[in-house]
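My questions will all concern the structure given below.
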C-alpha cells in the first residue's frame, strides 16, 4: 500500500507556495503519492487586490472531508501575529464533523511557514497549530535539526526544529533562499519516510 500525503498551503505573496512546491516535489522522490492543495481563501478579490497579493494559482482547494484520504499532511501558511491566518483557522474550525467521528486519528502532520522577520513567529506559528493536531489525534512530526543549514550562522536563514520557514522581509522583497529550500526538502523527505514506514508496518 502506497502512503498518501497532502501538501496543503495558504500563500499571500508566493513565499509559502514556493516552499510548498519544493516540498511536494521532494516528497514524491521517496515513492509516496503526493497531492498539492490550497486552503480555501476567505478574503475577497477586492481585499486581496488592495493587499497586492499574488495570484492564487490553479491548485485545488482542500475540503475537510479530503483529509480522510491521506495518511499525512504537510501544512504551510504564513504567520499572522504568531499563529495561522484566519483562512487556515476557518478551515480547522470546519473539521468538527471529522473530529466527532475520530476520522483523523492515527494520521501525521508537519508544518512550514514564512514570516516577515527573523523573529516574526516561525516557532509560535507551529506551536499554536499543534493543539489542532492533538485534538484530532494527529501525530505532529518535527524535523528537528537534521538539516545542517538550520545551524548555519553565516547568514540569516529561516526555519527551526518545528519546521521549514522563509523570511520574506517586511515588504515581501526577500525570496526563499536556497538554504531555506534545502531545509524544506529535508523536512519533506523526513516526513514522507516517517509516514511511509508507518503505513508499511500497519499493512504488513
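The values are calculated or read from the model by the stated rules, or taken from the named source; none is laboratory data. Computed from a prediction, not measured in an experiment: that's the story for all the values here. For neighbour counting, all protein chains shown are included, and Cβ atoms are generated from backbone atoms with ideal geometry for every residue, glycine included.
Here is a list: 122, 118. Which entry is in contact with a strand residue (DSSP E or B) (Cβ under 8 Å, 6 or more places away or on another chain), loosely packed, with under 14 Cβ neighbours inside 10 Å and touching a residue at least 12 places away in the same chain (Cβ under 8 Å)?
Being in contact with a strand residue (DSSP E or B) (Cβ under 8 Å, 6 or more places away or on another chain), loosely packed, with under 14 Cβ neighbours inside 10 Å and touching a residue at least 12 places away in the same chain (Cβ under 8 Å) holds for just one of 122, 118, which is 118.
Condition first: out of contact with any helix residue (DSSP H, G or I) (no Cβ under 8 Å at 6 or more places or on another chain) and either within 13 Å of residue 149 (Cβ to Cβ) or loosely packed, with under 15 Cβ neighbours inside 10 Å (or both). Now tell me which residues in segment 187-204 satisfy that.
197, 200, 201, 202, 203, 204
In segment 91-124, what residues are in a helix (DSSP H, G or I) and closer than 25 Å to residue 4 by Cβ?
If the condition is that a residue be in a helix (DSSP H, G or I) and closer than 25 Å to residue 4 by Cβ, then 91, 92, 93, 96, 97, 98, 99, 100, 101 are the ones that fit.
Oh, and also: Is it the case that residue 166 is touching a helix residue (DSSP H, G or I) at 6+ places or on another chain (Cβ under 6 Å), part of a loop (DSSP other than H, G, I, E, B) and crowded, with 18+ Cβ neighbours inside 10 Å?
no
In segment 46-76, which residue that is at pLDDT 95 or above and in a loop (DSSP other than H, G, I, E, B) is surrounded by the most Cβ atoms within 10 Å (Cβ to Cβ)?
70
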